[in-house]
1. Could you identify which residue out of B:Ala239, B:Ala40, B:Ala189 has the top mean-square fluctuation in a GNM of chain B using Cα springs shorter than 10 Å?
2. Report the calculated FRET efficiency for A:Arg45 and B:Glu16 (r = Cβ-Cβ distance, R0 = 22 Å), to the nearest 0.05.
3. Separation between the B:Thr37 and A:His173 pseudo-spin-labels, each 7 Å from Cα along Cα→Cβ, expressed in nm?
4. Per-residue Cβ counts within 10 Å, from other chains only, averaged over B:12-19: what number is that?
5. Need one number: nm distance between label points at B:Asp219 and A:Glu206, each 7 Å from Cα along Cα→Cβ, rounded to one decimal.
6. Counting only other chains, what is the mean number of Cβ atoms within 10 angstrom of the Cβ of each residue in peptide A:139-150?
7. Whole Å is fine, so just give me how far the alpha carbon centre of the range A:40-117 lies from that of the range B:171-200.
8. Using a simple charge model, +1 on the beta-carbon of Lys and Arg, -1 on the beta-carbon of Asp and Glu, nothing else, what dipole does chain A show about its Cα centre, in debye to the nearest 20?
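What follows is calculated from the coordinates using simple rules that are stated; it is not laboratory data. Nothing here was measured: the structure is a model prediction, and the numbers come from that model. Neighbour counts run over all protein chains shown; Cβ positions are idealised from the backbone, glycine included.
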2 protein chains.
Amino acid sequence: MTGKLTIVGLGPGDAELTTPAVTEALRTATDLVGYETYLARVALRDGQKRHASDNRVEIDRAMHALALAAEGRTVAVVSGGDPGVFAMAAAVMEAIETGDARWRDLDVRVEPGVTAMLAAAALAGAPLGADFCAISLSDNLKSWETISRRLVAAASADFVIALYNPASKARPHQLARAFELLQRHKSGATVVLFARAAGTSSAALEITTLANATSKPADMRTLVIIGSSTTRLIERTAAQPLVYTPRAEVVRP
Amino acid sequence: MTGKLTIVGLGPGDAELTTPAVTEALRTATDLVGYETYLARVALRDGQKRHASDNRVEIDRAMHALALAAEGRTVAVVSGGDPGVFAMAAAVMEAIETGDARWRDLDVRVEPGVTAMLAAAALAGAPLGADFCAISLSDNLKSWETISRRLVAAASADFVIALYNPASKARPHQLARAFELLQRHKSGATVVLFARAAGTSSAALEITTLANATSKPADMRTLVIIGSSTTRLIERTAAQPLVYTPRAEVVRP
């Protein structure tokens with residue numbers, strides 16, 4: 001097994017947020033494998049092959065990438081954000097565990113990237129300034145019972161909550177259900193952020209409260225952050241408020 | 001107010017993991033403010049001023065940076081990792097909220113970076129492949145009661161848990177207490193990772209179980225990850241096992 005497979009994270013969108021390590025892994029790859037939307041962000045060099053696929057076939061894509069690497073190719077599996085956060089790294093690991101035994105001998109690496117919640121937080125100020133959790137609202141691979149149990153646990157222990165995959169055309173209802181559930185366990189005054197396309201030139205931030213939050217502003221490119229009890233706004237005259245969660249649990253008066 | 005302040009995250013250590021956006025913000029700054037260990041990672045250009053400080057004076061450092069920006073300087077506040085995750089962004093926001101009212105009119109930005117848990121996860125495989133939370137074990141700014149409540153909530157809802165600031169000379173006991181607590185709420189077979197200096201040339205990974213975990217391998221440069229009930233190892237003959245958490249809550253037999 002002489003092939004090599006690197007799972008890379010492009011970051012949230014802007015090329016200026018892709019690490020040099022990822023850029024180098026993309027440059028040296030013979031084959032790029034990934035969801036077509038992410039591959040479209042990578043400039044091909046001469047002789048490099050692109051293997052684009054739809055968004056819903058992570059395991060097939062991972063097996064294809066491993067098979068290419070097993071043929072001796074140098075493969076980059078391309079994720080948005082960070083490959084380890086609700087992206088391709090876990091799918092590749094699953095394929096290694098259940099697939100061809102020789103795949104375990106391949107040189108497999110993961111190159112981290114800026115995941116969506118960090119870009120969303122940077123856009124707002126510092127809402128992840130205290131303990132936080134990240135939950136994917138997609139119920140393709142887990143039950144709503146598990147998702148709701150985690151939402152309630154996060155609310156009860158006063159974590160800041162980052163919601164990945166809050167809504168898609170196939171799943172329009174989860175986010176509204178999540179807000180309903182959280183409204184029973186958290187103050188209606190809790191800060192809620194909708195960060196759309198954070199880390200790109202079309203980034204937009206909407207700030208509201210849990211009492212007023214609806215699923216309407218969310219789509220596939222939105223990251224939702226629900227504050228802890230101490231998450232707060234700093235009003236400004238000439239710009240959007242800054243949103244942050246103090247490091248201390250007891251805020252100075 | 002014509003000054004500008006950008007809070008940047010250098011990433012976990014390796015210059016190849018610093019985003020071009022951060023490199024550019026550092027290049028154009030007239031003044032760099034930060035903990036001396038992080039500032040030492042930045043090459044100074046001619047005419048640029050470095051304002052280094054000790055690790056324990058975040059608020060003083062933030063106020064100093066804001067005062068420089070208010071004088072019209074272009075200031076970069078330098079964090080390791082991502083500035084929004086247990087780093088300088090929240091401290092700067094606190095200083096803006098409580099300080100000179102004119103600071104609210106400054107051009108304040110945050111440039112995200114690769115935070116330690118992402119580099120640690122990449123080193124291991126994909127341990128953050130499902131829902132996860134990040135908890136700082138430092139009790140400088142919050143009580144042990146809050147920390148333990150969050151650990152128990154995270155265990156009960158089966159989150160993967162990333163522990164920042166697991167141990168320091170001033171706080172050697174928290175991590176052992178955290179393991180003790182988690183042992184009461186999670187299986188002894190739960191995977192535990194100690195990732196030291198992940199994202200640097202001296203990165204090292206130790207893999208153990210919760211039953212066998214002690215605080216010994218942890219220091220200021222260590223990130224600890226405690227798996228969920230499904231986090232697992234893929235054994236390999238010629239390399240360290242890969243560690244990952246499947247995306248699905250029910251693992252295929």
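1. It is B:Ala239.
2. Details: r = 19 Å, r/R0 = 0.86.
Computed FRET efficiency for A:Arg45 and B:Glu16: 0.70.
3. 5.0
4. Numbers: counts 1, 0, 3, 3, 8, 7, 3, 12.
The mean count of partner-chain Cβ atoms within 10 Å per residue comes to 5.
5. 4.9
6. Working: counts 0, 2, 6, 6, 2, 0, 1, 6, 3, 1, 3, 9.
Other-chain Cβ atoms within 10 Å of each residue's Cβ, averaged: 3.
7. Answer, in whole Å: 30.
8. On the way: 27 positive and 26 negative charges, 108 e Å.
Roughly 520 debye for chain A.
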